[in-house]
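Worksheet: the structure to be examined is printed underneath.
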Amino acid sequence: MLRPEQDRSDGELVDKLVHINRVAKVVKGGRRFGFSALVVVGDQKGRVGFGKGKAREVPEAIRKATESAKRTMIRVPLREGRTLHHDVAGRHGAGRVILRAAPAGTGIIAGGPMRAVFETLGVQDVVTKSVGSSNPHNMVKATFDALQDCASPRQIAAKRGRKVSDIVGRRDQQQAVEQADG
C-alpha cells in the first residue's frame, strides 16, 4: 500500500497524497476492497486545491483525486511570497484550525494534512494549530475555509476605497503601540 505524503510534480503543479483509506464491502464470495484518496495540488506560487477520489485500485483513486483537486483550485494572497498577510481561523465539522503569519525563518509549523497544503501553496513561514477533529478530510477542509478568508492589503484597500498605505500604515502603527505597551 502507498504511503501518504508522497509527492509528484506534474509540469508546474505539485501534488501531495495526504491520506488513503481502504474500505471493505462484504459480499457472498468474501470481501471487496475499495480505496479513497485525499490529494492536495498546488503551484507553490499561491494557488492550491484539494480533491477526493474513490476507486477499486489505489492508482485510479489517486488519479481521480488529483483531477478533482485541479478543478477546485483557489488563489491565496501571500505576503512577500512566503507567509500569510494576517492571522485567520477556519472550521469544518468538528475540525478547527488557526493559521498565523510568521516572521522569516520560522518554517512551516503544522501537522500532517495542513503541512501538505502549505507546502503545495508555497508558504515558507507559518504557525498553525489544529483544535478538535484530527480527521485529515476535516483538517484540509478547515484549512481551505481559513485560506478563503485571507485578503491582501490591496484587496482591503480596494473594497474600502482607500490607499494601500492607509491600510498597511495602520498595521505598522498598531505593532509599534503593542511593542511600547508590552
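The values are calculated or read from the model by the stated rules, or taken from the named source; none is laboratory data. Keep in mind it's a predicted model, so treat the numbers as computed, not measured. For neighbour counting, all protein chains shown are included, and Cβ atoms are generated from backbone atoms with ideal geometry for every residue, glycine included.
If I ask for residues that are in contact with a Leu (Cβ under 6 Å, 6 or more places away or on another chain), of a type in the set (A, V, I, L, M, F, W, C) and under 15 Å from Pro136 (Cβ atoms), which ones from segment 28-61 would you list? Correct list: Val39 only. Can you name the residue in segment 1-28 that is modelled with pLDDT under 90 and not in a strand (DSSP E or B) and is also farthest from Leu78 (Cα to Cα) among such residues? Looking at residues that are modelled with pLDDT under 90 and not in a strand (DSSP E or B), I get Met1.
Okay, residues lined up against (1) at negative phi; (2) out of contact with any Leu (no Cβ under 9 Å at 6 or more places or on another chain); (3) without any contact (Cβ under 8 Å) to a residue 24 or more places away in the chain:
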{"residue": "Gly93", "(1), (2), (3)": "no, yes, no"}
{"residue": "Val97", "(1), (2), (3)": "yes, yes, no"}
{"residue": "Ala110", "(1), (2), (3)": "yes, no, yes"}
{"residue": "Met114", "(1), (2), (3)": "yes, no, no"}
{"residue": "Val126", "(1), (2), (3)": "yes, no, no"}
{"residue": "Lys129", "(1), (2), (3)": "yes, no, no"}
{"residue": "Met139", "(1), (2), (3)": "yes, yes, no"}
{"residue": "Thr143", "(1), (2), (3)": "yes, no, no"}
{"residue": "Ser152", "(1), (2), (3)": "yes, no, no"}
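For residues that are touching a residue at least 40 places away in the same chain (Cβ under 8 Å) and assigned to a loop (DSSP other than H, G, I, E, B), scanning just segment 61-91, find the one that is surrounded by the most Cβ atoms within 10 Å (Cβ to Cβ). Per the criteria, the residue is Leu84. Run down Ala104, Ala65, Ala55 and say which single residue is more than 15 Å from Lys16 (Cα to Cα), assigned by TED's automatic domain parsing to the domain that holds Ile20, more than 13 Å from the chain's Cα centre (by Cα) and among the small types (Gly, Ala, Ser). Matching residue, one of Ala104, Ala65, Ala55: Ala55. The condition of being of a type in the set (Gly, Ala, Ser) and under 24 Å from Arg154 (Cβ atoms) holds for only one of Ala116, Ala102, that being Ala102.
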